[in-house]
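> For reference, the structure I am asking about is given below.
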Amino acid sequence: MIRTLDLDSPIPEYRTPAVSEESRSIMDQLRDAIDSSLSTIFLGKIKMSLFSEVSEIEEECSINNWDGAGSEPISPIAITMAELLIYSFPQGIPLPELTPATDGEIHFDWRVGHKQALTASLSNNGFLSFAFIKGGRRFHGSEPFEGTFPERLSDLLNELYALKRVA
Amino acid sequence: MPSSELPEEVGNSELLARFVFQRRHLYQDGQPKPAAFLPNSNNETSVSRVDSLSDQEIYIEGKECERRRTDNPTLYGRALVGNEVVLDLNLRTVKDEPPPRHANIVGWPLEQSEKKLIALGIAEEANGLKY
């Protein structure tokens with residue numbers, strides 16, 4: 001009988017009363033490995049959906065004055081920078097919304113509720129700039145992007161979503 | 001093109017409308033994103049003075065802005081914000097007519113992240129609506 005794994009369903013429990021403790025441990029390790037692979041696959045799906053959005057933005061904003069405010073097209077470098085940031089996403093990063101902006105960059109927007117938001121973008125020369133608001137706390141800054149998901153962004157996302165450390 | 005009879009000085013609590021012509025500048029629930037308020041290459045953010053206008057009249061004003069533009073845009077929504085929010089963030093709104101009711105939010109800093117924070121601050125105080 002051929003069995004297929006349904007990615008949308010939880011992994012079924014495979015338990016029989018006749019299995020030894022050692023076998024059970026092996027099965028648990030196998031489940032963890034499958035969980036990890038599925039998480040990786042899921043992260044891959046998230047990244048693919050974001051890459052697809054970047055492509056849409058590239059198509060929509062590839063002309064002069066795409067926003068009616070006289071903005072130049074979103075440049076190929078800006079597209080690449082956005083893709084680099086997406087590549088660096090570790091597991092557990094909440095899904096952002098991607099937004100083309102008049103500064104020629106693609107902004108990554110996370111919002112939890114009223115006055116609880118974070119926005120960030122990578123400039124053409126590889127600098128990450130971001131702004132954060134949570135209640136009365138406001139913060140902005142910039143730093144060079146070094147290829148891995150910025151620790152500052154991780155910290156701010158953790159604070160925004162009140163999560164355990166995501167990366 | 002005629003000008004309005006609005007006073008030269010924009011009132012401290014005068015209601016301003018930022019009309020949105022880029023669909024990704026609004027969240028699904030109509031809340032504007034910071035990018036909706038970022039200034040253009042002249043470091044100005046174009047707004048309309050809509051104090052005392054009804055929702056219907058504001059919509060008509062938005063459609064008029066859409067009609068006036070030469071890039072064949074689509075009006076996706078509007079974000080309303082009081083001028084006091086602009087002033088609290090150390091910017092100011094100046095009359096810039098014609099066209100009627102047009103004004104610009106000016107005084108933006110040059111530093112990118114600081115601009116982002118101000119735009120975020122305005123967006124979070126704005127009342128957004130998708131059309």
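> Got a sec? Which of A:Gln116, A:Gln91 is among the polar types (S, T, N, Q), closer than 24 Å to A:Ala162 by Cβ and modelled with pLDDT of 95 or more?
A:Gln116
> Still on this structure, I have one more. Given the options A:Leu160, A:Leu118, A:Leu84, A:Leu95, name the one that is more than 9 Å from every other protein chain (Cβ to nearest Cβ), crowded, with 18+ Cβ neighbours inside 10 Å and of a type in the set (A, V, I, L, M).
From the options A:Leu160, A:Leu118, A:Leu84, A:Leu95, the qualifying one is A:Leu160.
> Now, a different point. Look at the range B:14-36 and say how many of its residues are open to solvent by 10 Å² or more (accessible area, probe 1.4 Å), more than 9 Å from chain A (Cβ to nearest Cβ) and closer than 18 Å to B:Asn104 by Cβ.
So the count comes out to 4.
> Go over the candidates B:Val86, B:Val106 one by one and state the one that is within 17 Å of B:Pro34 (Cβ to Cβ) and of a type outside the set (Lys, Arg).
Among B:Val86, B:Val106, only B:Val86 is within 17 Å of B:Pro34 (Cβ to Cβ) and of a type outside the set (Lys, Arg).
> Please list, ordered by residue number, the strands (runs of 3 or more DSSP E) wholly in the range B:37-131 having 3 or more residues that are crowded, with 18+ Cβ neighbours inside 10 Å and modelled with pLDDT of 95 or more. Please lay out each step first, then the result.
On the way: elements: B:45-49, B:77-82, B:92-95, B:102-106, B:127-130.
By residue number, B:45-49, B:77-82, B:102-106.
> Which of the residues belonging to the range A:123-155 are within 11 Å of chain B (Cβ to nearest Cβ), more than 11 Å from B:Leu120 (Cα to Cα) and either among the small types (Gly, Ala, Ser) or crowded, with 19+ Cβ neighbours inside 10 Å (or both)?
Scanning the range A:123-155 gives A:Ser123, A:Leu128, A:Ser129, A:Gly135, A:Gly141, A:Ser142.
> Determine whether the range B:104-119 contains at least one residue that is closer than 11 Å to B:Leu16 by Cβ, touching a residue at least 40 places away in the same chain (Cβ under 8 Å), within 14 Å of another protein chain (Cβ to nearest Cβ) and in contact with a strand residue (DSSP E or B) (Cβ under 8 Å, 6 or more places away or on another chain).
Yes; the residues of the range B:104-119 include at least one that is closer than 11 Å to B:Leu16 by Cβ, touching a residue at least 40 places away in the same chain (Cβ under 8 Å), within 14 Å of another protein chain (Cβ to nearest Cβ) and in contact with a strand residue (DSSP E or B) (Cβ under 8 Å, 6 or more places away or on another chain).
> Is it the case that some residue within the range A:94-115 is assigned to a strand (DSSP E or B) and over 22 Å from B:Arg23 (Cα atoms)?
no
> Now a separate question. Could you count how many residues in the range B:37-55 are of a type in the set (A, V, I, L, M, F, W, C) and at the interface with chain A (Cβ under 7 Å from one of its Cβ atoms)? Show your work before the answer.
Start the filter on the range B:37-55 by keeping residues that are of a type in the set (A, V, I, L, M, F, W, C), which leaves B:37-38, B:47, B:50, B:53.
Okay, now just the ones that are also at the interface with chain A (Cβ under 7 Å from one of its Cβ atoms), so B:38.
Looking only at that region, the number is 1.
> Scan the range A:101-126 for residues that are on the phi > 0 side of the Ramachandran plot and in contact (Cβ under 8 Å) with a residue 24 or more places away in the chain and jot them down.
Those that are on the phi > 0 side of the Ramachandran plot and in contact (Cβ under 8 Å) with a residue 24 or more places away in the chain: A:Gly104, A:Gly126.
The values are calculated or read from the model by the stated rules, or taken from the named source; none is laboratory data. Computed from a predicted model, the values in this text were never measured in an experiment. As a convention, Cβ positions derive from the backbone with ideal geometry for all residues, glycine included, and neighbour counts pool all protein chains shown. To get the accessible areas, we keep the full protein, side chains included, count just its heavy atoms, and leave off ligands, DNA and RNA. Shrake-Rupley method; radii C 1.70, N 1.55, O 1.52, S 1.80 Å.
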